[in-house]
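Shown next, in structure tokens, is the structure this report addresses.
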Amino acid sequence: MQPMSTTRDGYRTPGPQYLVAGRYRLRSRIGGGGMGTVWLARDQLFDRDVAVKQVISTEGLSDETADNVRKRAMREGRIAAKLAHRNAIAMHDVALDSGEPWLVMEYLPSRSVAQILHATGTLGVQQAAQIGAQVADAMAEAHTAGIVHRDIKPGNILITTTGRNAGLVKITDFGISRAKDDVSLTKAGVITGTPAYFAPEVARGAEPGEASDVYSLGATVYTIVEGQPPFGVDDDSLVLLHKVARAQINPMTKSGALAPVLLRLLEPSPAKRPSMAQARDLLARVAAGDRGSTHQVLTSPLTTSDGGVPLWVQRTPRPTRTTSTGTHLPVGGPGPSNPARPAPPPRASRPQAPAGAAESSESSPATLVSGPRATSGSTTSPTTLALSILAAVAVLAAVVILVIALVS
């Protein structure tokens, strides 16, 4: 019998070990998108791990609405399948299980940029520029194919954590994307996406286009380097929408050489913004700096300024049972200070571990020493000192006894 779980409303949903469409064995939940839950699954036919997105169930929906959900899922798969780029998650299949659509995608051990920022607060200018450049490279090809993403944000950008491509950037979740020649399946006047990364014209009700993708990318890179979106954060979506519609971004304080590029990407007028290909080139030049090449920026994994692999990309040791890390991989190493959380206690410095290596959880003896360190050979242990005194006393006693014997 297929493993199932039951919701409060009595609706039965697939759980771990459920076999989707007779082929994809569910293993564990790894995330969620605007349309449904994402599972890690095993493709029984090709014997490989895949990411399977469970689209919102059509149970209890009217025939018209259910058909609309299925069409939307098929459309997402069809749109994503058009894009084959190293910086975009690949779409493998659209499977129907008991009439319910499932999207089957490339599985990538990774962390989202949103997760990374939650741990580090911000990233450096060159790293932020390289992330933006690689996303722009994929999206430039998507725009050429007539695909508009409509929801570029930190949560939809993944950074690989394992293998020789650790540090590679991938854009994912084309769930609300559309092709230019596709019939829209959303109701007129309904805005879909994430308000904090909207372009001003979208916040005012205009249809998203290629220029709004460029703006969303600019807002994402701004967030990576500044630590918050261009218009700040607000729990009230309507208040945030009004801020976005006015197109008055908060001043930049950490962007450095990226600031002029971000101002171009965040241009209020969509007609004056650069194309996605131009945005890619602008970002790549900042990431390359004076010594690198833009080709290397676009084709190489993220690295530190000295050429090493960032600690937050490396796979870290498995935590002990007493440490709760949630459902995501822990991020290694302390990041820039974040006012939202107390700073970690200082640690003794040591060399950065190579990519893929597990950092020992035990401190070296040098890190356990407190106070001034003694010079080798300059101190004597208490035990040795005590034995020396006893020996001296014994010799003195023997001499005294010998003297008394001679005198008597």
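Observations, loosely collected:
- For the stretch 78-104, filtering for residues that are over 25 Å from the mean Cα position of the chain (by Cα), closer than 17 Å to residue 21 by Cβ and not polar (S, T, N, Q) leaves 7.
- For the stretch 92-111, a residue qualifies if it is surrounded by fewer than 19 Cβ atoms within 10 Å (Cβ to Cβ), part of a strand (DSSP E or B) and of a type in the set (Gly, Ala, Ser), and exactly one does: 95.
- Taking the listed residues 37, 13, 58, 65, the one that is modelled with pLDDT under 85, among the polar types (S, T, N, Q) and part of a helix (DSSP H, G or I) is 65, with no other qualifying.
- Screening residue 5 with (1) exposed (fewer than 15 other Cβ atoms within 10 Å of the Cβ); (2) modelled with pLDDT under 75; (3) not in a strand (DSSP E or B) gives one miss only, at (3).
- Of the helices (runs of 4 or more DSSP H) entirely within the stretch 199-298, those holding at least 2 residues that are touching a Pro at 6+ places or on another chain (Cβ under 6 Å) and farther than 16 Å from residue 154 by Cβ occupy 200-203, 237-246.
- Check on residue 128, among the aliphatic types (A, V, I, L, M), surrounded by 19 or more Cβ atoms within 10 Å (Cβ to Cβ), closer than 25 Å to residue 151 by Cα and at pLDDT 90 or above: yes
The values are calculated or read from the model by the stated rules, or taken from the named source; none is laboratory data. Values in this document were obtained by computation on a predicted structure and should not be read as measured data. Counting neighbours? That spans all protein chains shown, and the Cβs are built from the backbone with ideal geometry, glycine included.
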